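To keep things clear, I will list the structure first and then write my remarks on it.
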Amino acid sequence: MIRKTNQIKTLEELPKSLPTVQITVPEKVYITLMEMRTRKYTLSVVEGDYVKIGQIIGERDGGYFTQPIFSTVSGTVGKVIKKFTYTGKKTECLEIINDFKEEYAERVLERTDEAISKLSKAEIIEIIKENGVKGLGGGGFPSYVKMDTDKPIDVIILNGVECEPYLTADYQAITKDAYQMFKGLEYVMQAMGTKRGIIGVKRTKHALLKALTEVKESDFKDLNCDIIPVSNYYPQGWEIELIKNTTGIKVKPGTLLSEYGIIEYNVTTAAAIYQAIKFNLPVLNRYFTVTGDAINNPCEMTVRVGTPIPHIVEAAGGYSIDGDKVMVLGGPMMGSNLMMDDAIVSITVSSLLLFKPQEYKEEPCVRCGSCVYSCPANLQPVQLMYAAKTKDGDAAKALNIQNCIECGLCSYVCTSKIHLTDFMRKAKKLVK
Ligand code: SF4
Ligand code: SF4
């Protein structure tokens, strides 16, 4: 199998600033029925039903939470079909045949600012829950759960640090939707009675610092929110790292942020919270990056959730090579390899990387320790690899595999080109 390890070196040769292309909404979308942390689903529509944009078509069950499933186009319900998703595996998806009428469900409405100012914490949480808002930075954790706490929250932190190399979706989002992000932050601060907000952005991203500062000065003068530049390294976007560098608070891995009086959201999640509160809208579109040396026109675009990958590839000028290519849905460090392009964009995905294949051979571990020195969660990836290989869940647990953030650094630095992150995922499953 062609692997993505160390392909990041190829990326260094790619253009760093990408053009934006307009992409049409596809003829069919495929809505994932199972997503992160969910175990089963029920559908409230059947094949042949007519659905509208933003209509609830079913529900996912995550054990301690439920999550509505939405149609992102208007049209006719098709079959349940398996497609590759961000997991790198096939997942059941509901096909919806687009009628291009762009009809919105009756539940979509606009709330006045006055009505919003009177919403209680419980009402704001309920609206966020009803609109299925989740961590759009990739975590996919239901956003309302973080707010559903009795702990006093001193600060809400928005994470604007897109730390994986060459991803630009959050960059696009901040430059275009900074107003929505501040509004989302304002709503969460209102709900939690929080007096302080922080937005963390890389200090090297001058355009983002400028965009946020301008919107803050023009529309949010009275909002107590600091825009804090942070250093440019990986994984600066890890919430524990960002919190340390914006507040000085050192969070122990595995503890709830609410214990420290903190709630943290990705900037795009804050914009989604704004859309939910203001318009009762779920996430319908994602800013999306398509890049790599195996695509003709690397570019940025706005993509409807459920869009098939071939539609995106076509909009980006098609593949630049025939035959095998490396396909990664997600970033170069944390994304998943795809076996084929029969895949779709789900809500937490914001990039597709396409590379010319580079054959390499995994060698046996030489016990160099590079993976151990590099792990930001202070784990021992090499020991965890042996635990995964021997299916020793007790050892994996004792080695704190639950603290692994799947950042991919251990794979990247491995002298023997071992894809350690795959073993970390296997070790996590053993513990679950
Ligand atoms: S993926 Fe590897 S480097 Fe990253 S946290 Fe997990 S074990 Fe550590
Ligand atoms: S970096 Fe690779 S070769 Fe070095 S100790 Fe870790 S697993 Fe072994």
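Structure above, values below:
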| item | result |
| --- | --- |
| Rotationally averaged projected area of region 370-431 (alpha carbon convex hull; nm²) | 3.3 nm² |
| Gaussian network model of the chain, springs between alpha carbon atoms under 10 Å - residue of GLY193, GLY138, GLY248 with greatest fluctuation | GLY248 |
| Residues LYS278, LYS432 arranged by fewest to most Cβ contacts within 10 Å | LYS432, LYS278 |
| Relative frequency of Cα-Cα separations exceeding 40 Å in the chain, percent | 15 percent |
| Debye, to nearest 20: dipole size of the chain, +1 on Lys, Arg Cβ, -1 on Asp, Glu Cβ | 1260 debye |
| Selection from TYR50, THR72, LEU399 lying farthest towards where the dipole of the chain points positive, charges on Cβ | LEU399 |
| Kirkwood Rh in Å, taken over all unlike Cα pairs in region 181-225 | 11.2 Å |
| Total charge dipole magnitude, region 173-226, about the Cα centre, Cβ charges on Lys, Arg, Asp, Glu only, Debye to nearest 20 | 260 debye |
| For region 290-296, Karplus couplings with θ = phi - 60° (6.51, -1.76, 1.60), whole Hz, Gly/Pro x | 10, 8, x, 8, 10, 10, 5 |
| Environment charge of ALA178, counting only residues whose C-beta is closer than 13 Å and scoring Lys/Arg +1, Asp/Glu -1 | -1 |
| Fluctuation leader among GLU103, GLU264, GLU186 - the chain, Gaussian network, Cα springs under 10 angstrom | GLU103 |
| Amide H partners (placed H, <5 Å) of GLY58, local residues excluded | SER44, ILE69 |
| Mean residue ellipticity (222 nm) of the chain, computed from DSSP H runs ≥ 4 via -39,500 (n - 2.57), nearest 500 | -8500 deg cm²/dmol |
| 15 Å beta-carbon shell around TRP238, net charge (K/R +1, D/E -1) | -3 |
| Residue order, fewest to most surrounding Cβ atoms within 10 angstrom, among LEU409, LEU158 | LEU409, LEU158 |
| Residue of LYS129, LYS121, LYS101 that the Gaussian network model of the chain assigns the largest fluctuation, springs spanning Cα pairs under 10 Å | LYS101 |
| Top positive-direction residue, dipole computed over region 222-349 with Cβ charges, set PHE288, PRO308, THR247 | THR247 |
| Cross-link partners of LYS121 among aspartates and glutamates (Cα-Cα below 20 Å; sequence separation of 8 or more within a chain) | GLU110, ASP113, GLU130, ASP148, ASP150, ASP154, GLU186, GLU259, GLU264 |
| Residues ILE31, ILE321, sorted so that the one with the fewest Cβ neighbours within 10 Å comes first | ILE321, ILE31 |
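Since every read-out is calculated from the coordinates, none of them should be taken as a lab result. These figures come from a predicted structure and were not determined experimentally. All Cβ positions, glycine included, derive from the backbone under ideal geometry; neighbour counts span all protein chains shown.
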